[in-house]
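Enquirer: Pasting a structure below so you can have a look.
What follows is calculated from the coordinates using simple rules that are stated; it is not laboratory data. Nothing here was measured: the structure is a model prediction, and the numbers come from that model. With ideal geometry, Cβ positions are generated from the backbone for all residues, glycine too; neighbour counts draw on all protein chains shown.
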Amino acid sequence: MKTGSDVRNAPEKQRSATPRAAGARGNETAAQAPAVLPPLPWAEDALAPVISARTIEFHYGKHHKKYVDTLNELVAGTDLASESLEAIVLATAGDAEKKAIFNNAAQAWNHAFYWRSLKPGGGGQPGGELARRLKSAFGGFDTFKRAFADAAIKQFGSGWAWLVLDDEELKVRSTSDAELPLTSGEIPLLTIDVWEHAYYLDYQNLRPDYVNAVIDKLLNWDFAAENLELA
Ligand SMILES: [Fe+2]
């Protein structure tokens, strides 16, 4: 039963469970700082040798943290400060005057989603409903894999490759810079970060080697299945 206090404290908009971290709960500064740096779902060295601890240390501890910190600075004292990360992304998308807020909010969202898209001992082929839908959409897992790798490898400059659910059909997408499928109504299931900071320490300019290794050895199909189930 809701109490008066619950009602007063209830967010005006539904807060996203993903990836506005569980760390925000019980964090008394959350109302002033809408974005939090969520804990990694695994140890920094857990993805090695595909992604080194050194890469994760910089990528998570410097890049991801910087997006979160900058976002909090940009929205401090504004109406957006009490909104969820996802709500900020959707509220600022396409608004040239709020481009900096969008970029940092979207990158905070994207990175939290990326960490959960990877797991030690991942890769391989999914089963169940995902396998059925991949076969329906792409003709088979190998065709999907080539399409996903192509989207990641051929994305010009910085960006992201995505497996999304669009109108009940699985599709592969790529986006530039901080852009993400949420703004076009698609539901992300998995992503691969193809900004150079994601792979340069380990692979230098060899993005295809990074992408193929991530797909073969790290993709978290359990996370994709959870996202599909929640869609
Ligand atoms: Fe990144």
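Enquirer: To the nearest 20 Debye, how big is the dipole of the range 128-230 about its Cα centre, given +1 on the beta carbon of each Lys and Arg and -1 on that of each Asp and Glu?
Expert: That gives a dipole near 360 debye.
Enquirer: Could you order peptides 103-116, 70-83 by the average number of other Cβ atoms within 10 Å of their residues, highest first?
Expert: Listed from highest to lowest mean packing, they are 103-116, 70-83.
Enquirer: Oh, and also: Give the separation of the Cα centroids, the range 124-142 to the range 148-169, in Å.
Expert: Centre-to-centre distance over Cα atoms comes out at 16 Å.
Enquirer: Roughly how big is the chain's charge dipole about its Cα centre, with Cβ charges of +1 (Lys, Arg) and -1 (Asp, Glu), in debye to the nearest 20?
Expert: 220 debye
Enquirer: Still on this model: Which residues does the label zone of Leu206 cover in the range 110-134, counting backbone N under 12 Å from a point 7 Å along Cα→Cβ?
Expert: none
Enquirer: Which value in deg cm²/dmol, rounded to the nearest 500, describes the helix-derived mean residue ellipticity at 222 nm for the chain, given -39,500 (n - 2.57) per DSSP H run of n ≥ 4 and division by the residue count?
Expert: Mean residue ellipticity, 222 nm, calculated: -12500 deg cm²/dmol.
Enquirer: For Asp167 and Thr143, calculate 0.36 nm times their separation in residues minus their Cα-Cα distance, and state this gained length in nm to one decimal.
Expert: Working: separation 24, 0.36 × 24 = 8.64 nm, distance 2.05 nm.
Extra length available between Asp167 and Thr143 comes to 6.6 nm.
Enquirer: Can you tell me the relative contact order of the range 128-230? Whole percent, Cα pairs under 8 Å, sequence separation 6 or more. If you can, show how the numbers build up before the last one.
Expert: Numbers: 144 pairs, mean separation 25.5, N = 103.
Result for the range 128-230 is 25 percent.
Enquirer: Compare the Cα positions of Leu190, Gly159, Gln204 along the charge dipole of the range 128-230 (+1 at Cβ of Lys, Arg; -1 at Cβ of Asp, Glu; about the Cα centre) and return the one farthest towards the positive end.
Expert: Result: Gln204, furthest along the dipole toward the positive end.
Enquirer: Can you list the residues, at least 5 places off or on another chain, whose amide H is less than 5 Å from the amide H of Trp195, using H built in the peptide plane?
Expert: For Trp195, the qualifying residues are Gly159.
Enquirer: Further question on the same structure: Contact order normalised by length for the chain, with contacts defined as Cα pairs under 8 Å and 6 or more residues apart; what percent is it? Show your work: numbers first, answer last.
Expert: On the way: 348 pairs, mean separation 47.8, N = 231.
Across the chain, relative contact order equals 21 percent.
Enquirer: Can you name the helices of the chain, as whole DSSP H runs, whose Cα span along the helix axis is 18 Å or more and whose Kyte-Doolittle mean is not below -1.0?
Expert: Those that pass (Cα extent of 18 Å or more, hydropathy at least -1.0) are 99-117, 141-154.
Enquirer: How many nm separate the modelled label positions at Ala131 and Glu226, each set 7 Å beyond the Cα in the direction of the Cβ?
Expert: 2.2 nm
Enquirer: Something else about it: So which of Lys65/Lys171; Lys66/Lys145; Lys66/Lys99; Lys99/Lys217 end up more than 28 Å apart, counting from Cα to Cα? All intermediate terms of the calculation are to be shown ahead of the outcome.
Expert: Details: Lys65/Lys171 30 Å; Lys66/Lys145 32 Å; Lys66/Lys99 16 Å; Lys99/Lys217 35 Å.
As for pairs spanning more than 28 Å Cα to Cα, those are Lys65/Lys171; Lys66/Lys145; Lys99/Lys217.
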